[in-house]
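Only one structure is covered here, and it is reproduced in the block below.
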Amino acid sequence: MAPTDRRWAENERRWAEVGFAPVIVGGDAGAYGAARAFHEAYGISSVVLSKHQMWMIRHSRIIEHLEVENGTVMEHVRTGLAAPQISRLREQDIRILLLGAIDSTVEAIIELKETHPEDLGDDVVVPYVDSVRFEAGTVKDNFTALAQRLGVDHPVTRVVDFSQDLGPQLPLDLSFPVWAKPADVTAWYWTEFEGKHKVHRVETAEDLEELFGKIHAAGYRASFVVQEEVPGDDQNMRVLTCYCDQDSVIRFASWGETVLEDHSPAALGNPSVILSGQNSTAVDQAQLLLAELGWVGYANFDLKYDPRDGKTKFFELNPRLGRSNYYITGAGNNPVEYYVRDWIRGELSGRGETSRVEDQAETVYTVLPRWLTARYVSDPARRRRLRKIMGSGGTRNPFFYAKDRDPRRLALLVAAQASTVRKFLRFYPPSRVTGE
């Protein structure tokens, strides 16, 4: 038996013991964070379906990789689930917990569930809402309208519809600078033009009109959300991850203060340093949104503290564990346990319970070396707090895992860490924050 065959056989034994196998569509940092969480909680590996393996996935001992053409396309996900390895698991009555690493892979999974339910049966568990609720919560103009209707704090926002003539819709009555982002992230995934970013910061009305001209020429025809910039840098950003049971009640919430985001064009806005904490007021507002939507599973919110009125504004909802989901596990609450308790064990929903877990250890999630992390904090008191936590063993880097130490992966990890440092020093040096 080849080494890879022996490893798969050992994984099958462990999946059979726990009664399920995690299958994650998408081979990025979010997929690795979820796979690590499953390994920490249950001692099992995860199957990752993707075309490419980013460096954190490659040579991982806690991941079995199966190639699919494109995890954002429903038919390709369907083909992946029909792979002999996964079919064999289902024949052994090992349930498949099917998860998406990014919004568009979640959307493909939901489409598969709705268009080909016969392919899933009872042994493939999809812990997501239907397509109607997905669109109501994740399409950014829908989310903004919902927040406004429910009185949930959010930035001043305008929506531009690219399926209509842009001329009458411009200029917008907003104060610049603004942030412009696609309402439909799946349509944006397929849109290509020079200078495309995940989101765009725009200084003037003329610059916005020029950007919209490029986007329209590239064929994007969904809506775009334009929001006035809330003052403050990355240190005012916040993240909230909530788990809703199948009665749409939040049973778990993890709050984080973002210290630093990625500033490279391809990954702009991804949290890179997060200080864990608690904010029950924000969770209460999230409950209003999620109950109205009839949400189930995870909702990951982007927020920002506004020093002008002291409120924390909701920006958007992501229908999954976030890319930086290890900030949750590292703070002491393993998020994948809620999937398992609810959808595999049947321990949460339908019991009329409303208990909510929010407590977590004070930790620092970071993808940077410790020596660089604290240099991005301008407030001296907060910097001392950060250094105290890191000095007492509270640093959590998702990619350094003692139980995933293949030498080839370690070589990739060292190279990636050096590349990350170079990237931050190039696109967002600490002097931009502290003036040092």
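The values are calculated or read from the model by the stated rules, or taken from the named source; none is laboratory data. Quick caveat, the model's predicted, so the values are computed rather than measured. Note: ideal-geometry Cβ built from the backbone for every residue, glycine included; neighbour counts use all protein chains shown. Keep in mind that these areas ignore ligands, DNA and RNA; they rest on the heavy atoms of the full protein, side chains included. Shrake-Rupley method; radii C 1.70, N 1.55, O 1.52, S 1.80 Å.
Summary of computed values
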read-out	value
Matching option when the condition is under 23 Å from the mean Cα position of the chain (by Cα) and in contact (Cβ under 8 Å) with a residue 60 or more places away in the chain, among ALA31, ALA16, ALA35	ALA31
Lone unmet requirement of (1) at pLDDT below 95; (2) not in a loop (DSSP other than H, G, I, E, B) for SER175	(2)
Near pairs, Cβ below 6 angstrom, 6+ apart or cross-chain, from segment 265-281 (closer than 18 Å to THR363 by Cβ) to any residue that is in a helix (DSSP H, G or I) and open to solvent by less than 20 Å² (accessible area, probe 1.4 Å)	VAL273/THR373; ILE274/TYR327
Residue list for segment 364-393, filter: surrounded by 15 or more Cβ atoms within 10 Å (Cβ to Cβ) and either assigned to a helix (DSSP H, G or I) or of a type in the set (D, E, K, R) (or both)	LEU372, THR373, ALA374, ARG375, TYR376, ARG382, ARG383, ARG385, LEU386, ARG387, ILE389, MET390
Test: residue in segment 190-207 that is modelled with pLDDT under 95, open to solvent by less than 50 Å² (accessible area, probe 1.4 Å), under 28 Å from PRO265 (Cβ atoms) and of a type in the set (D, E, K, R)	no
Complete set of residues in segment 119-154 that are modelled with pLDDT of 95 or more and among the polar types (S, T, N, Q)	SER131
Residues located in segment 171-189, provided they are more than 28 Å from the chain's Cα centre (by Cα) and open to solvent by less than 40 Å² (accessible area, probe 1.4 Å)	LEU172, LEU174
Pair list, Cβ under 7 Å, 6 or more apart: segment 134-153 residue in contact (Cβ under 8 Å) with a residue 40 or more places away in the chain, other residue in a helix (DSSP H, G or I) and of a type in the set (Val, Ile, Thr)	PHE134/ILE110
Filter pass, PHE20 being touching a Ser or Thr at 6+ places or on another chain (Cβ under 6 Å) and buried (at least 17 other Cβ atoms within 10 Å of the Cβ)	no
Candidate set from segment 217-264 (those that are polar (S, T, N, Q) and not in a strand (DSSP E or B)); member that is farthest from LEU348 (Cα to Cα)	SER264
Which listed residue is under 30 Å from TRP371 (Cβ atoms), without any contact (Cβ under 8 Å) to a residue 40 or more places away in the chain and in contact with a helix residue (DSSP H, G or I) (Cβ under 9 Å, 6 or more places away or on another chain), from THR258, THR241	THR258
Some residue of segment 314-331 being touching an Asp or Glu at 6+ places or on another chain (Cβ under 6 Å), more than 27 Å from SER104 (Cβ to Cβ) and touching a residue at least 24 places away in the same chain (Cβ under 8 Å)	no
Residue within segment 316-332 that is surrounded by fewer than 21 Cβ atoms within 10 Å (Cβ to Cβ) and either more than 13 Å from the chain's Cα centre (by Cα) or of a type in the set (Val, Ile, Thr) (or both) present	yes
Selected residue (only one of HIS263, HIS216 is surrounded by fewer than 19 Cβ atoms within 10 Å (Cβ to Cβ), farther than 19 Å from VAL357 by Cβ and modelled with pLDDT of 95 or more)	HIS216
